[in-house]
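Asks: This structure is in structure tokens; I'll ask about it shortly.
The values are calculated or read from the model by the stated rules, or taken from the named source; none is laboratory data. Computed from a predicted structure; not experimentally measured. Quick reminder, even Gly has a Cβ in these numbers, built from the backbone with ideal geometry, and neighbours come from all protein chains shown.
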Amino acid sequence: MSRPVPPHRSLVVRLLGTSVLIVVLSVATAAWLAAKTATRAAQEERGESLAGDSRIYDTLLGYAATHPAWDGVELTVQALGEETGRQVTLTTTDGTPIAATHPGAASPDRPTAVVDPLGAASGVIDPRAVGPYELTPRERAEQHRLAEQRVSCLRRQGIEATVHEAPNGRAVVRLGSRNPTPRADCRFRETTATSTEKLAVGDLRDRVTPCLRERRIGAIDLDYDLTWQFHDPEAPASRVDAQDCVDEARRAQLRPYVAEPARLYLSRPARPPTPVFDLSAGSTLRIAGATGFVLLVAITATLVVGMRLVRPLRALTAAADRATHRPEPVAIARNDEIGRLAGAFNDLAERSERSEAQRRTMVNDIAHELRSPLTNIRSWLTAGQDGLADLDQDMLRLLLEESGLLQHIVDDLADLADADAGTLALHPGEHDVAELLAQVTEAHRGAADRVGVAVRRTVTGDPVAVVDQARFRQIVGNLLSNAIRHTPAGGRVEVRARDDGGDLVVEVADTGVGLSSADLPHVFDRFWRADKARTRATGGSGLGLSIARRLAQAHGGNLTAVSTPGAGSTFTLRLPGHGRVAPIGSESGRRGVEPGVTRS
């Protein structure tokens with residue numbers, strides 16, 4: 001069992017101490033900087049406020065839209081300068097001064113904006129520039145009377161409405177955004193053009209007509225609110241060109257009623273230096289209170305976060321301490337580093353459990369494989385000792401066969417142990433692949449002929465491999481003997497070799513019974529047989545394919561299999577770069593240790 005963690009080593013204490021130190025330093029620094037620069041920053045922020053600049057521009061733009069000249073603008077400029085704390089300078093387009101808050105002071109090199117109510121550069125005419133469209137007092141009063149009548153009618157229907165005045169004095173009734181559509185009996189003559197508007201619109205129509213003719217655009221119908229539509233909707237025309245004509249005519253019509261464009265210069269006037277440090281007793285108390293509050297929040301947050309971090313770690317530690325032989329899984333669902341650690345811990349526990357199950361199965365299989373020949377040998381020797389059997393040549397042959405089987409199993413287990421330990425010795429050399437395959441096929445031809453299976457060998461090209469010839473023959477021999485054993489009489493086994501993009505590929509294909517998709521992933525497992533009823537005599541020791549794959553990996557390659565039930569199986573040996581041998585203990589030599597079988 002692990003010992004308790006000392007308090008000064010605890011993760012929570014470390015996080016708490018670090019957070020407190022950081023917060024104290026940051027709050028103290030922020031308080032000092034805030035106290036040192038608060039007054040100056042506030043004054044500069046007010047002076048450089050975008051809202052202040054926008055207010056200056058909008059006020060002067062409205063003045064130009066409602067006055068035919070800039071006469072008398074000096075008082076407005078002075079008031080804006082005092083209100084915003086800015087240096088305001090207004091000049092004509094040729095640089096002649098119009099008004100300034102600081103006469104004689106230097107202005108910026110470039111103007112901040114151009115004040116033009118007709119928007120010759122921007123294309124937008126200020127709505128406050130009404131000119132000849134401004135209603136007379138009598139018309140204004142009549143418009144407001146009609147608008148109020150309409151509002152009263154709408155309210156009797158339960159519809160909210162308000163009266164707003166347009167820049168030219170016209171009363172406009174606005175309905176609520178979610179109100180129902182009013183009945184037709186609430187429409188009054190406030191939407192009809194007045195005499196002043198009719199005269200102005202007629203003058204505008206006369207100004208627009210030459211432009212429309214010049215651009216070959218059909219006639220348009222103008223309304224009192226300066227909206228328009230084509231007189232003949234079917235006539236081809238450009239709405240953009242027509243709108244340009246309307247805008248040009250409006251600018252020409254409004255020009256005598258607005259001021260000429262002017263340049264606006266905004267800058268910061270020279271000010272006396274502000275105090276560097278100004279901190280009252282009230283400010284000191286507020287800073288101290290804020291510092292204490294921030295410290296309290298930081299301590300609370302650190303404790304909460306720290307406990308959330310430590311709780312799963314303690315669960316992992318307890319699970320590891322409870323494990324006598326292997327770790328037990330823990331239930332920690334977190335999407336962070338600790339969650340990943342818990343997932344890796346659970347994977348380790350699962351792999352450990354699987355490895356333990358495989359170990360028990362392998363021990364049982366080894367005991368079973370060794371028990372049969374040992375039992376036979378002991379039975380015959382006991383019978384000979386008791387005089388129940390003669391120790392003749394037949395008896396000796398049987399004993400030698402059983403001892404040979406024992407030796408074969410022991411040798412296979414030794415090869416696997418060396419491969420697992422990374423001590424499998426290889427003696428690579430350059431060899432002719434066709435010659436090596438010929439030796440293997442001829443060695444197994446007798447066994448194939450006895451069961452009526454045809455063995456065919458095909459080598460494409462003249463491949464040369466750098467391999468350990470004994471181990472290479474062992475790989476192909478294990479594959480060939482497995483194929484012959486699982487192919488019924490009359491079937492065939494093909495051994496094919498070719499060069500595939502610089503890799504050596506050897507395939508052993510048979511027309512045997514094949515494997516199901518459920519059995520295929522286990523074909524390289526040790527002591528595994530697809531047919532559990534097969535005995536050692538008919539099904540082999542169950543180690544041949546495992547050894548073949550480990551030897552292939554020792555050569556830097558891999559061994560895979562595809563199979564179709566009832567049609568046969570194909571085992572493919574691929575050695576990269578014509579068999580560049582990798583040490584069995586290296587990363588490339590260990591590649592593919594888990595059975596990565598390709599399914600058909």
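Asks: Check whether at least one residue in the stretch 182-192 is at pLDDT 85 or above and aliphatic (A, V, I, L, M), and report yes or no.
Replies: Going through the stretch 182-192, the residues at pLDDT 85 or above turn out to be none.
The answer is no, given that none of the residues of the stretch 182-192 is at pLDDT 85 or above and aliphatic (A, V, I, L, M).
Asks: So for the stretch 532-546 (the condition being at pLDDT 60 or above and over 23 Å from Arg351 (Cβ atoms)), does at least one residue qualify? Explain how you work it out, then say what you get.
Replies: Pass one, the stretch 532-546, residues at pLDDT 60 or above: 542-546.
Then keep just the ones that are over 23 Å from Arg351 (Cβ atoms); that gives 544.
Yes, the stretch 532-546 has at least one match.
Asks: Of all residues in the stretch 210-230, which are surrounded by 12 or more Cβ atoms within 10 Å (Cβ to Cβ) and assigned to a loop (DSSP other than H, G, I, E, B)?
Replies: Arg215, Ile217, Gly218, Ala219, Asp223, Tyr224, Asp225, Leu226
Asks: Let me ask something else about it. Quick check on the stretch 540-572: of everything there that is of a type outside the set (Gly, Ala, Ser) and part of a loop (DSSP other than H, G, I, E, B), which residue is farthest from Asp519 (Cα to Cα)? Can you show your working first?
Replies: Pass one, the stretch 540-572, residues of a type outside the set (Gly, Ala, Ser): 543, 545, 547, 549-551, 553, 555, 558-560, 562, 564-565, 570-572.
Imposing the further condition that a residue be part of a loop (DSSP other than H, G, I, E, B) reduces the set to 543, 555, 565.
On the way: Leu543: 16, His555: 26, Pro565: 10 Å.
Out of the qualifying residues, it is His555.
This table checks each residue for (1) exposed (fewer than 12 other Cβ atoms within 10 Å of the Cβ); (2) modelled with pLDDT of 75 or more; (3) in contact with a Gly (Cβ under 6 Å, 6 or more places away or on another chain).
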{"position": "Val246", "(1), (2), (3)": "no, yes, no"}
{"position": "Ala249", "(1), (2), (3)": "no, yes, no"}
{"position": "Gln253", "(1), (2), (3)": "no, yes, no"}
{"position": "Pro256", "(1), (2), (3)": "yes, yes, no"}
{"position": "Ala262", "(1), (2), (3)": "no, yes, no"}
{"position": "Tyr265", "(1), (2), (3)": "no, yes, no"}
{"position": "Pro269", "(1), (2), (3)": "no, no, no"}
{"position": "Thr274", "(1), (2), (3)": "no, no, no"}
{"position": "Asp278", "(1), (2), (3)": "no, no, no"}
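Asks: Out of Val88, Val115, which single residue is touching a residue at least 24 places away in the same chain (Cβ under 8 Å), closer than 17 Å to Ala259 by Cα and touching a strand residue (DSSP E or B) at 6+ places or on another chain (Cβ under 8 Å)?
Replies: Numbers: Val88 fails: closer than 17 Å to Ala259 by Cα.
Result: Val115 is the single residue among Val88, Val115 that is touching a residue at least 24 places away in the same chain (Cβ under 8 Å), closer than 17 Å to Ala259 by Cα and touching a strand residue (DSSP E or B) at 6+ places or on another chain (Cβ under 8 Å).
Asks: I'd like to check something: does the stretch 484-507 contain any residue that is closer than 22 Å to Leu543 by Cα, touching a Pro at 6+ places or on another chain (Cβ under 6 Å) and not small (Gly, Ala, Ser)?
Replies: no
Asks: Within the stretch 102-119, does at least one residue satisfy the condition of being of a type in the set (A, V, I, L, M, F, W, C) and over 51 Å from the mean Cα position of the chain (by Cα)? Can you show your working first?
Replies: Residues of the stretch 102-119 that are of a type in the set (A, V, I, L, M, F, W, C), as a first pass: 105-106, 113-115, 118.
From the residues that got through so far, the ones that are over 51 Å from the mean Cα position of the chain (by Cα) too are 105-106.
Among the residues of the stretch 102-119, at least one is of a type in the set (A, V, I, L, M, F, W, C) and over 51 Å from the mean Cα position of the chain (by Cα), which makes the answer yes.
Asks: Determine whether the stretch 565-587 contains at least one residue that is buried (at least 17 other Cβ atoms within 10 Å of the Cβ), over 18 Å from Arg473 (Cα atoms), at pLDDT 85 or above and not assigned by TED's automatic domain parsing to the domain that holds Ser355.
Replies: So far as the stretch 565-587 goes, yes, one or more of its residues are buried (at least 17 other Cβ atoms within 10 Å of the Cβ), over 18 Å from Arg473 (Cα atoms), at pLDDT 85 or above and not assigned by TED's automatic domain parsing to the domain that holds Ser355.
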